[in-house]
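Report on the structure given below.
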Amino acid sequence: MSYKGKTILFDCGIHPAYSGMAALPYFDEIDPSTIDVLLVTHFHLDHAASLPYFLEKTTFKGRVFMTHATKAIYKLLLSDYVKVSKVSVEDMLYDEQDILRSMDKIEVIDFHQTLEVNGIRFWCYTAGHVLGAAMFMVDIAGVRVLYTGDYSREEDRHLRAAEVLQFSPDICIIESTYGVQLHQPRNVREKRFTDVIHSTISQGGCVLIPAFALGRAQELLLILDEYWSNHPEIHNIPI
């Protein structure tokens with residue numbers, strides 16, 4: 001995004017369905033050396049996994065910001081991504097050393113903390129979604145732009161819902177992955193989940209739950225912990 005000679009890049013991810021250079025955004029369509037600030041909303045691969053490449057292998061000389069939690073988990077997630085990537089060494093976008101070098105260049109921002117870089121003011125709000133996820137508000141010459149990244153307005157057991165702003169931005173750039181989807185109410189989905197588990201273990205079966213290791217797994221464990229607490233008859237069944 002460019003306005004009045006200032007340029008901001010929002011997020012820096014990869015396409016999870018591709019590998020090597022094909023997974024990168026179209027960096028050849030922009031001039032990285034002109035970017036003043038790079039703001040990363042959260043640690044998921046499609047929002048952050050090309051960051052080591054961008055910081056180490058392009059002409060980008062600006063500053064990059066994310067929240068404390070995002071930075072901590074970014075390192076873990078990308079290290080794992082490098083280890084499990086099934087591509088040749090020649091096709092790897094970066095290695096563990098590139099990730100470590102990128103950590104030295106990443107600056108952190110607290111929620112509601114206002115920073116200014118080259119006349120660009122910005123701050124962030126809680127986005128829900130995953131631990132550390134942020135929605136960024138950018139102010140250039142009095143024009144305010146809100147970039148949400150992925151967000152969730154549904155509070156769950158380990159995360160607060162995305163904040164509701166007290167004022168309207170001039171421009172809102174908003175994710176819309178489920179923009180036209182109708183989901184069942186949370187309590188209905190949870191009951192279906194726990195009913196299937198209870199039925200299975202009551203018949204002597206075992207339950208295997210494939211889940212994303214960060215965020216989803218923690219939430220499922222909290223749901224199960226609550227359900228187990230309310231059902232003494234299955235306390236002898238380990239999770």
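For segment 86-103, give me the residue count where each residue is open to solvent by less than 30 Å² (accessible area, probe 1.4 Å) and of a type in the set (S, T, N, Q).
1
Please go through segment 141-165 and pick out each residue that is open to solvent by less than 20 Å² (accessible area, probe 1.4 Å), more than 29 Å from Leu222 (Cα to Cα) and not β-branched (Val, Ile, Thr).
Result: Leu146, single match.
Matching residues to (1) at pLDDT 95 or above; (2) under 18 Å from Cys12 (Cα atoms); (3) surrounded by fewer than 20 Cβ atoms within 10 Å (Cβ to Cβ):
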site: Met66; (1), (2), (3): yes, yes, no
site: Lys105; (1), (2), (3): yes, yes, yes
site: Thr114; (1), (2), (3): yes, no, yes
site: Phe122; (1), (2), (3): yes, yes, no
site: Asp139; (1), (2), (3): yes, no, yes
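Write out, first by first residue and then by second, each pair whose Cβ atoms fall under 7 Å of each other, whose residues are 6+ apart or on separate chains, and whose first residue, in segment 116-132, is closer than 16 Å to Ile35 by Cβ while the second is open to solvent by 10 Å² or more (accessible area, probe 1.4 Å) and assigned to a loop (DSSP other than H, G, I, E, B).
Qualifying pairs under 7 Å: Val117/Asp36; Asn118/Asp36; Ile120/Asp36.
Which one is nearest to the chain's Cα centre (by Cα), of the residues in segment 112-142 that are of a type in the set (S, T, N, Q) and over 27 Å from His158 (Cβ atoms)?
So the residue we want is Thr114.
What pairs can you find where one residue is in segment 162-176 and within 14 Å of Met1 (Cα to Cα), the other is surrounded by 11 or more Cβ atoms within 10 Å (Cβ to Cβ) and of a type in the set (Phe, Trp, Tyr), and their Cβ atoms are less than 7 Å apart, with a gap of 6+ or different chains?
Ile173/Tyr147
Is there a residue in segment 183-191 that is free of Cβ contacts under 8 Å to residues at least 24 places away in the same chain, within 30 Å of Ile239 (Cβ to Cβ) and surrounded by 13 or more Cβ atoms within 10 Å (Cβ to Cβ)? Step through it out loud before you land on a result.
In the first step, residues of segment 183-191 are kept if they are free of Cβ contacts under 8 Å to residues at least 24 places away in the same chain; the result is 183-185, 187-189, 191.
Keeping just the survivors that are within 30 Å of Ile239 (Cβ to Cβ) gives 183-185, 187-189, 191.
This time we only want the ones that are surrounded by 13 or more Cβ atoms within 10 Å (Cβ to Cβ), so: 191.
Yes: segment 183-191 contains one or more residues that are free of Cβ contacts under 8 Å to residues at least 24 places away in the same chain, within 30 Å of Ile239 (Cβ to Cβ) and surrounded by 13 or more Cβ atoms within 10 Å (Cβ to Cβ).
Quick check on segment 166-182: of everything there that is under 18 Å from Arg216 (Cβ atoms) and open to solvent by 70 Å² or more (accessible area, probe 1.4 Å), which residue is modelled with the highest pLDDT?
First, pick out the residues of segment 166-182 that are under 18 Å from Arg216 (Cβ atoms): 175, 177-178, 181.
The next check asks that each one be open to solvent by 70 Å² or more (accessible area, probe 1.4 Å); those that pass are 177-178, 181.
Details: Thr177: 76, Tyr178: 74, Gln181: 80.
Checked segment 166-182; the qualifying residue modelled with the highest pLDDT is Gln181.
If only one of Val188, Val196, Val145 is hydrophobic (A, V, I, L, M, F, W, C), modelled with pLDDT of 95 or more and over 30 Å from Phe65 (Cβ atoms), which one is it?
On the way: Val188 fails: modelled with pLDDT of 95 or more; Val145 fails: over 30 Å from Phe65 (Cβ atoms).
Every option except Val196 fails the conditions.
For Thr70, are the conditions met, namely being buried (at least 17 other Cβ atoms within 10 Å of the Cβ), of a type outside the set (Asp, Glu), within 13 Å of the chain's Cα centre (by Cα) and more than 26 Å from Ala23 (Cβ to Cβ)? Give the derivation first.
Numbers: buried (at least 17 other Cβ atoms within 10 Å of the Cβ): yes; of a type outside the set (Asp, Glu): yes; within 13 Å of the chain's Cα centre (by Cα): yes; more than 26 Å from Ala23 (Cβ to Cβ): no.
Judged against the criteria, Thr70 is not a match.
Residues that are out of contact with any Leu (no Cβ under 9 Å at 6 or more places or on another chain): find the strands (runs of 3 or more DSSP E) completely inside segment 94-192 holding 1 or more of those. Steps first, please.
Working: elements: 106-108, 115-117, 120-126, 134-140, 143-147, 171-173.
Those strands (runs of 3 or more DSSP E) span 106-108, 115-117, 120-126, 134-140, 143-147.
One residue is enough: does segment 219-239 have a residue meeting the conditions closer than 28 Å to Phe10 by Cβ, open to solvent by less than 80 Å² (accessible area, probe 1.4 Å) and not in a loop (DSSP other than H, G, I, E, B)? Can you show your working first?
First, pick out the residues of segment 219-239 that are closer than 28 Å to Phe10 by Cβ: 219.
Within this subset, residues satisfying the condition of being open to solvent by less than 80 Å² (accessible area, probe 1.4 Å) are 219.
Right, trim to not in a loop (DSSP other than H, G, I, E, B) and you get 219.
Yes, there is a match, as at least one residue in segment 219-239 is closer than 28 Å to Phe10 by Cβ, open to solvent by less than 80 Å² (accessible area, probe 1.4 Å) and not in a loop (DSSP other than H, G, I, E, B).
Run down Ile201, Ile209 and say which single residue is farther than 30 Å from Ile8 by Cβ, open to solvent by 70 Å² or more (accessible area, probe 1.4 Å), among the hydrophobic types (A, V, I, L, M, F, W, C) and at pLDDT 85 or above. Explain how you work it out, then say what you get.
Values: Ile201 fails: open to solvent by 70 Å² or more (accessible area, probe 1.4 Å).
It is Ile209.
Can you name every residue in segment 10-22 that is under 20 Å from Thr70 (Cβ atoms) and touching a residue at least 40 places away in the same chain (Cβ under 8 Å)?
Within segment 10-22, Phe10, Asp11, Cys12, Ile14 qualify.
The values are calculated or read from the model by the stated rules, or taken from the named source; none is laboratory data. No experiment lies behind these values; they were computed from the predicted model shown. Here the Cβ is made from the backbone with ideal geometry for all residues, glycine too, and neighbour counts use every protein chain on show. Remember, those area values only see protein heavy atoms, side chains included, never the ligands or the DNA or RNA. Shrake-Rupley method; radii C 1.70, N 1.55, O 1.52, S 1.80 Å.
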